[in-house]
Structure formats: structure tokens, C-alpha cells
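Enquirer: Can you read through this structure? Questions will come right after.
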Amino acid sequence: MKILVVSLSNRARNDAFSALAKLYLDRLAAYAKVEATVVRDEPAFFAWVERQRSRTPPYLAMLESRGQQASSEQFAEWLGRQRDMGTQTLVFAIGSADGWTPEGRARADSLLSLGSMTLPHELARVVLAEQLYRAFTILAGHPYHSGH
């Protein structure tokens, strides 16, 4: 399975948030192929998604405040099901500061939420990267996740 983490932003950043997200994405690479990218806006994002097609279209999990919330264990179970069902490419997308349009949300295979608190998009990227790493360690039985 290939994991793609995409952020929508009209400006590129090279800051502490990016370094921290990279730390977790680098750790995640031990469990899955992973890439991260930034695209400018929602139309550019959906054009980018179309270019990611392989034998099957990518599964699109869009982060959205109204999306489904899950514990780390539930997220790991969901991710394991995606892996076991043969999902080739799994795209996690963090929308712009204005959120997703109704048309954009309708294109998602899943709408996920990191919680009911509002997070800056840069921080959401870090939290997502860490939770992806945590989920794979849970699935592998690695002691990183102690269940607390």
C-alpha cells in the first residue's frame, strides 16, 4: 500500500511543523511507501488525484471537521482493513483553511476528523503523520503505542 499525505496551501513552508511531520513520515516508511506533497487549491488537488491512478483509483480519505472521529486503535483497524482489502494507494488530504467545498466532500471515499478542536493546518499535518505511524505500529504489535 502506498500512503500519500496531501496538504492544500497556497504557500510552501519549510518550518518546524514540516520537520516534525517529516520525522513521523520517515518512521512510517518502515511500514509502507509514503509520500507527502502540497498542492495549491482544491481544483489542483483533484487534478493531482487523477494523476495518481494505477490499476485502481486511489482511495480518498479527506480530513474534515465534520468527518468521522476515531481512537488510535479504531483508526489502526480501519487502516488495516484498507490494507487487507488491497487498497493500492491511500490518499489522506488536509483541506485549505476554508475547508472542502460540498462538491469536494462528495468526492471523498471517507471523511475523517482529527477531533472537534480546530487545528492549524500545519499542526493537523503533524498529528496525521503521527497517527499514521502509530496506526502501523499498532498493527505490527510494536511497543510505540502503549494504549494510554
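Enquirer: Between Asp98, Asp84, Asp26, which gets the highest mean-square fluctuation from a Gaussian network model of the chain, Cα cutoff 10 Å?
Expert: Asp98
Enquirer: Hey, what do the phi angles of segment 52-65 turn into as Karplus ³J(HN,Hα) couplings, whole Hz, using 6.51/-1.76/1.60 and θ = phi - 60°, x for Gly and Pro?
Expert: Going residue by residue, I get 8, 4, 10, 5, 10, x, x, 7, 10, 9, 9, 7, 7, 4 Hz, with x marking Gly and Pro.
Enquirer: Quick check: net charge around Ala29, other residues with Cβ under 12 Å of its Cβ, Lys/Arg +1 and Asp/Glu -1?
Expert: It works out to a net charge of +2.
Enquirer: May I pose another question? With springs only between Cα atoms under 10 Å apart, run a GNM on the chain and tell me which of Glu35, Glu50, Glu122 wobbles the most.
Expert: Comparing Glu35, Glu50, Glu122 in the GNM, the peak value goes to Glu50.
Enquirer: Restricting to DSSP H runs of at least four residues, report the calculated mean residue ellipticity at 222 nm for the chain, -39500 (n - 2.57) per run over all residues, nearest 500 deg cm²/dmol.
Expert: For the chain, the value works out to -13000 deg cm²/dmol.
The numbers here are math on the coordinates, done by the rules we state, and not lab data. Being a predicted model, the structure only gives us computed values, none of them experimental. Backbone-built Cβ (ideal geometry, glycine too); neighbour counts: all protein chains shown.
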